[in-house]
Amino acid sequence: MVEPRLLLIGCGAFGRVHLAALHRLGVAAMAFDTDRASAAASGLPVADSIEAGLDRCDAAIVVTPVPTHVPVATTVLLAGRDLFLEKPATETAAEAAALADLAEQMGCIAQVGLYFRFHPKAAAVRRMVAAGEFGALHHLAARFSGVKRARGDSGALLNDAVHFADLLPWIAGEAPVRVFATLADPLGRGREDLAVIQLMFASGATAMIEAGCVLPGRWPDAVVPGAETRKEIIVAGRSALAEIDFAAETFVLRRGAHAPGADGAWLPHHAPREDVAIAGADPVDVVAAELAAFIDAIRTRRTPEAGLRDGAVAPARILDAARRSARETRVVALEEIA
Ligand SMILES: NC(=O)c1ccc[n+]([C@@H]2O[C@H](COP(=O)([O-])OP(=O)(O)OC[C@H]3O[C@@H](n4cnc5c(N)ncnc54)[C@H](O)[C@@H]3O)[C@@H](O)[C@H]2O)c1
């Protein structure tokens, strides 16, 4: 195939990050936005409708508000065009499964915009876990919070927690089997703007995700101007502990383990903190890496990293379980979720 031509659907705040990434990759693209001024401001040729744009393009990048994802993605797939769909792909696991079925029926490549899988520090810690450098994992944690706008299209689950409902199992190399969550609506606007989710894995490892827009942040948000953020993970194993701060671009590692000492005590035998040198990546770098992988999947027709089954259905099942857990105040087994 000659270079694929891409249709950017949605030219708002994150659409502009995609636009910069497309420029960086030197990929030919058109734009469509229901707000024509936003499409025109992209500087790309503007399509009059999604259908007209799809007629002239091989694939689409969907960066529209969450409730529009299913109808827009369905239009793209029914036109037989390959699809890059921003996170959260869908609001429920059932919707994600239906989109995955449709993509497979149509023979389309479909990739979900799971930003952190393409962040060099997350990719590095996953490689280290897979190589056994942490020993058996016992806990992972993610905090994605900060004082920022409460989005009109979603709450903390779909906007923030979804990143880590995907990333933590991806790093651990296993899917959780049980979920317990508390969700709160501290703004009283009818959405869960605070989410605390615990995951339990068959290996015995646990994970915790804290997400929301009503907790203090620490750093300026690279994506949302004027907002403050905290985007941190911890990965803890028998033989190493890691702390990654995505906003500060730090990756601190402590190698070592506890061992029996005197009087029944177990003592930590950990080396000093070590800075793992992994180059920083701004949002345009990361999105360019996501789109480069998408274009490679279009050319090779291979299932992309973060396809709809693992990148949309799997995290949506965890969030469905979190909603049920919070509603019924009990631990929910993933097998209860279709
Ligand atoms: N991966 C990440 O880290 C990340 C970061 C920010 C946003 N996002 C995701 O990107 C998506 C968009 O977020 P945003 O912050 O850019 O929102 P936004 O509101 O700033 O922009 C959305 C744009 O879509 C346009 N639009 C609305 N309905 C449309 C339709 N049916 N067809 C075409 N255009 C339409 C709007 O006019 C607007 O220009 C959301 O799904 C969000 O979750 C992902």
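Every number in this text was worked out from the coordinates using simple rules, so none of it is lab data. As the structure is a prediction and not an experimental result, all values here were calculated from the model. All Cβ positions, even for glycine, are placed from backbone atoms using ideal geometry, and neighbour counts span all protein chains on display.
Quick notes on this structure:
- Gain upon complete extension [ALA338, ARG189; 0.36 nm per residue less C-alpha separation]: 50.8 nm
- For LYS148, the lysines whose Cα falls under 22 Å of its own Cα, not counting residues fewer than eight places away in the same chain, are LYS87, LYS231.
- Rounded to the nearest 0.05, the FRET efficiency derived from the C-beta distance between ARG36 and THR182 at R0 = 41 Å is 0.45.
- Taking packing as the residue-averaged number of other Cβ atoms within 10 angstrom, the listed peptides 296-307, 93-104, 253-264, 152-163 run from highest to lowest as 152-163, 93-104, 296-307, 253-264.
- Between the listed residues GLY107, ALA136, PHE246, the Cα displaced farthest toward the positive end of the dipole of the chain, a dipole computed from Cβ unit charges relative to the Cα centre, is found at ALA136.
- With a simple spin-label model that places each label point 7 Å from the Cα along the Cα-to-Cβ direction, the separation between HIS269 and ARG327 comes to 5.1 nm.
- Alpha-carbon Rg/Rh ratio, for the range 275-334, with Rh computed the Kirkwood way: 1.18
- Only helical runs count toward this figure. For the chain, summing -39,500 (n - 2.57) over DSSP H runs of n ≥ 4 and dividing by all residues gives -9500 deg cm²/dmol at 222 nm.
- Look at the alpha carbon pairs under 8 Å that are at least 6 residues apart: their mean separation over the length of the range 150-257 gives a relative contact order of 17 percent.
- Histogrammed with a bin width of 5 Å, the alpha carbon distances of the range 28-176 distribute as 2, 8, 15, 17, 16, 15, 13, 8, 4, 2, 1 percent, first bin at zero.
- Angle in degrees between helix 69-78 and the longest Cα principal axis of the chain, rounded to the nearest 10: 60
- Other residues within the sphere of radius under 12 Å centred on the Cβ of THR229, judged by their own Cβ, net out at +1 (K and R +1, D and E -1).
- Ranked packing of 44-52, 83-91, most packed first, by mean Cβ within 10 Å: 83-91, 44-52
- Cα-based helix-to-principal-axis angle, 120-130 vs the chain, degrees rounded to 10: 50
- Max-minus-min Cα coordinates of the range 136-257 on each principal axis give 43, 31, 18 Å, with the largest extent listed first.
- Cα centre as origin, Lys/Arg/Asp/Glu Cβ charges: the range 208-338 dipole, Debye: 440
- The chain: translational diffusion in µm²/s, Stokes-Einstein, Kirkwood Rh over Cα pairs, 37 °C, 0.692 mPa s: 158
- Cα shape, the range 1-83, gyration tensor, a/c 1.5 rule: rounded
- Ordering of 14-22, 133-141, 164-172, 216-224 by packing [mean C-beta count within 10 Å, highest first]: 164-172, 14-22, 133-141, 216-224
- Across the range 169-224, the fraction of Cα-Cα pairs farther apart than 12 Å, rounded to a whole number, is 71%.
- Summed residue charge, Cβ within 9 Å of CYS108's Cβ, Lys/Arg positive, Asp/Glu negative: -1
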